[in-house]
1. So which of 662, 675 is touching a helix residue (DSSP H, G or I) at 6+ places or on another chain (Cβ under 6 Å), modelled with pLDDT of 85 or more, in a strand (DSSP E or B) and not basic (Lys, Arg)?
2. When the residues of region 144-173 are filtered to those that are touching a residue at least 12 places away in the same chain (Cβ under 8 Å) and either acidic (Asp, Glu) or in a loop (DSSP other than H, G, I, E, B) (or both), which remaining residue is surrounded by the fewest Cβ atoms within 10 Å (Cβ to Cβ)?
3. Kindly establish whether residue 589 is without any contact (Cβ under 8 Å) to a residue 40 or more places away in the chain, closer than 19 Å to residue 512 by Cβ and either assigned to a strand (DSSP E or B) or not aliphatic (A, V, I, L, M) (or both).
4. Would it be correct to say that residue 685 is under 28 Å from the mean Cα position of the chain (by Cα), at pLDDT below 85 and not in a loop (DSSP other than H, G, I, E, B)?
5. Somewhere in region 135-143, is a residue under 24 Å from residue 220 (Cβ atoms) and assigned to a loop (DSSP other than H, G, I, E, B)?
6. What's the number of the condition residue 285 fails, among (1) outside any loop (DSSP other than H, G, I, E, B); (2) open to solvent by less than 20 Å² (accessible area, probe 1.4 Å)?
7. Go through 531, 607 for me and flag whichever is crowded, with 19+ Cβ neighbours inside 10 Å and part of a loop (DSSP other than H, G, I, E, B).
8. Scan region 197-204 and tell me whether some residue there is in contact (Cβ under 8 Å) with a residue 12 or more places away in the chain, open to solvent by 40 Å² or more (accessible area, probe 1.4 Å) and more than 34 Å from the chain's Cα centre (by Cα).
Amino acid sequence: MRDLRLALRQLEKAPGFSITIVLILALGIGATTAIFSLVEGVLLRPLPFRDPQRLVLLGDRLGDGLQLGVTAPEVATYAHSARAFSSMGAYITASWELSGGLLSQSVNGARLTAGVFPTLGIAPVVGRVFTQQEDDAHAPVAVISYSLWLNRFHRDTHVAGTIITLDRRNFTIVGVMPRSFEFPLLPGRIGQAQLWVPMSFTADELSPSAGAWGTHLVARLNDGVTVQQAAQDANLVAQQVMRDFPPELAAVRIRGDVLPLHESVVAGARPLLRALFLAVWIVLLIACANVATLLLLRAIRRRREHAVRLALGAHAGVILRECIIEGLLLSLTGGLLGLALAAAALRAAVPLLPESMPRIDAISINSRVAGFALLIAVATGVLCSLAPSWAAVRTNLLEGLKEDARSGTGSMRQSWLRSSLVVGEIAIATVLLTASLAFLRSYQQMLAVDPGFRPDHVLIAGYQLPRQQYATESSIANFNREVVRRLATQPAIVAVGQANTMPDTGGGGRGGFTIEGTSIAAWKLRFAPFIETYGDYFGALGIPLIAGRSLTVHDRSDAPLVCIVDESMAKQEWPGQSPIGKRLHLGNPKRILPWATVVGVVPDVRIDAPDQPAGEQWYFPMEQPAIIEGPGATGMLNLSSGWIALRSTLPPEQMIHTLRSVVAGIDPRLTLDPVQPIADAISAVEAPRRFNTGLITAFALAALLLAAMGIYAVIAFSASQRTQEIAVRVALGAQRGNIARLVLGSGIKMAAAGCALGILGSLGVSRIVGTFLFETTATNPIVYGASVILMLALALFASALPALRAAAADPVRALRSE
């Protein structure tokens, strides 16, 4: 307690010094705590299910490549034949128009088999879950989420038995799941399920010829069964499934695939969070080096005091303990402030996280995060106190007693130590700065990518037609035709079209294809998106034609089947030839599907994100369903959900009301979601890389600021302790400019040494950084050169004020003061 009171008095004597160190530590510990809360919430926290470590996802893998779900007929096969699992259930993500009572809204959810809830091991808080009998009987029952129960039914405990309307069909609510329940586990918040209904497979889905791998299986491992053993069991089932394939799928080769559920959720986010955690540790390390430097400079200033105390009989351990207690006081104060800063940063930053980040709702400051912050604060306090403690207890009594407080600069070892600390933080800051510039260069490259279309003045809207009202192909066709016809007559609208997907929204159909002339032996399964279009889709999006013609309203079911391919497909499938007049069809050579003739070529349009590689892609008219449904198909494709796109002469925001009014005139109850300029959709898919770049840049700026503070502190201290030397030099005729260059030279030398070490460090981490870059490398010479120039300029700036102050010193006053 005596040492504690002494430490408090010492810190009270230097409030500016104490506040500076507390703020530096608060910045470092706060940033580290905030990023750790992301890591803890996303990667470390167990999933909110019973024994989550035993939950896995089952599926098919196409050879050693594409990971798929399972087909509907496989669900029963896995349930009856797999022996490694105690229970399992199937699910398909879905969305519905929820109406009745309040305004209609679009809600996300899932179709589940009755085995999903028991497999996950979570019971409802109100009512019950549906049964296998209800699933088999196609019973219209639903289980709702806690959020939907809260927002729409105000936590009515008697909600079970309430009727809701989904896609204009009545369903009875039978239960409410807990607040923490979330399934399927999808990135972000937009896709989170709000209700669940029985799977109730249709006859078409169970057809052996369907071949649609859109169903997913979740299973619980038996006690003592490993993931590897389960994968072997699943592979045996996959072989059985292949034996039951219809002839048109005979060329498809699959194997069983088993993945821990937690891994499937966090796999995409793990590399980024690890990189961010490494970056924030670098910032904390620089902060520690800065604090250690400041404490060392303070210990050198108190060198005479320590020498007197040691000469009077004080034990070195007492001084050592006092230094450590001072460091702990500062670090714990900084840690508490840092924890508050972390909480504030999370409150502001979590809503800004990209939708690709999973488990966003699990991110918070909890007891584990607070304990981590406390541990970091204690460790930081001890580590930062080692250098000043060492300087204090190694004081030479004779030199310390003879040394004047103002002229003492410490021993050569102490001078080397403080310079080394600054060189170290410059080196670490250079590593982070190099990574930041590489991220910025990568983001710039992504923005420069040609998307293949013109996003200006384009408004898009998603829709899903309720099955109850739009049960026939003719009703769906009438809706689509009427939407395009009415919108095309509106003022300011230049072009309007529809499709099953839009650029930068993902989704759409994907399937294998066969080029005419390919033999069965030479055929290889490759998946490519196929986009069903109606109206002036290419005009609405501003997709130019490279060759041939566009699709028109004359490409109906009674006309020859046609399609358009992109440049990648044209070059890949018909190298050195014109693809116009060539033919292809969906599926493998054994499928009896008609050929579609290529009539045009368009640029590659990225349907996922600008930083995703463009691949083969083809388009066909929505009114030619025979292309994917087979001979005899007439009318229009059963496109019960899709997108509307319109191009106008006005800003797209001004066309939202027009679009909604036209659709409401056709179906007043239909929900459009989302309705947004396509530029907003592009911005959303760019968000992950923008987030990564912004956060790494913020860390780099913090590192630069801390490094500048370290350079300034050491140069200012050295210049102030060399006052007499500088005065003598001036008295003997030295020019002011020479004095300034002398001081500046010290800072530049430290910066040069730090930059050299930093470049070596950057080369060492280039492989990690390179995994996040797009069309640039982590070892780009321009990036390295810019990093060095920026760091040297920063060192010059940080050293300028001490240099000018030293050059302006009055030699007479300095000599008299000595």
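The values are calculated or read from the model by the stated rules, or taken from the named source; none is laboratory data. From a predicted model like this one, the values you see are computed outputs, not experimental measurements. Neighbour counts run over all protein chains shown; Cβ positions are idealised from the backbone, glycine included. Only protein heavy atoms, including side chains, enter the accessible area calculation; ligands, DNA and RNA are left aside. Shrake-Rupley method; radii C 1.70, N 1.55, O 1.52, S 1.80 Å.
1. Values: 662 fails: in a strand (DSSP E or B).
Step by step, each of 662, 675 is checked, and only 675 is touching a helix residue (DSSP H, G or I) at 6+ places or on another chain (Cβ under 6 Å), modelled with pLDDT of 85 or more, in a strand (DSSP E or B) and not basic (Lys, Arg).
2. Here the residue is 161.
3. Working: without any contact (Cβ under 8 Å) to a residue 40 or more places away in the chain: no; closer than 19 Å to residue 512 by Cβ: yes; either assigned to a strand (DSSP E or B) or not aliphatic (A, V, I, L, M) (or both): yes.
So residue 589 fails the test.
4. So residue 685 fits the description; yes.
5. no
6. (2)
7. Numbers: 531 fails: part of a loop (DSSP other than H, G, I, E, B).
Just a single option satisfies the conditions, and that option is 607.
8. no
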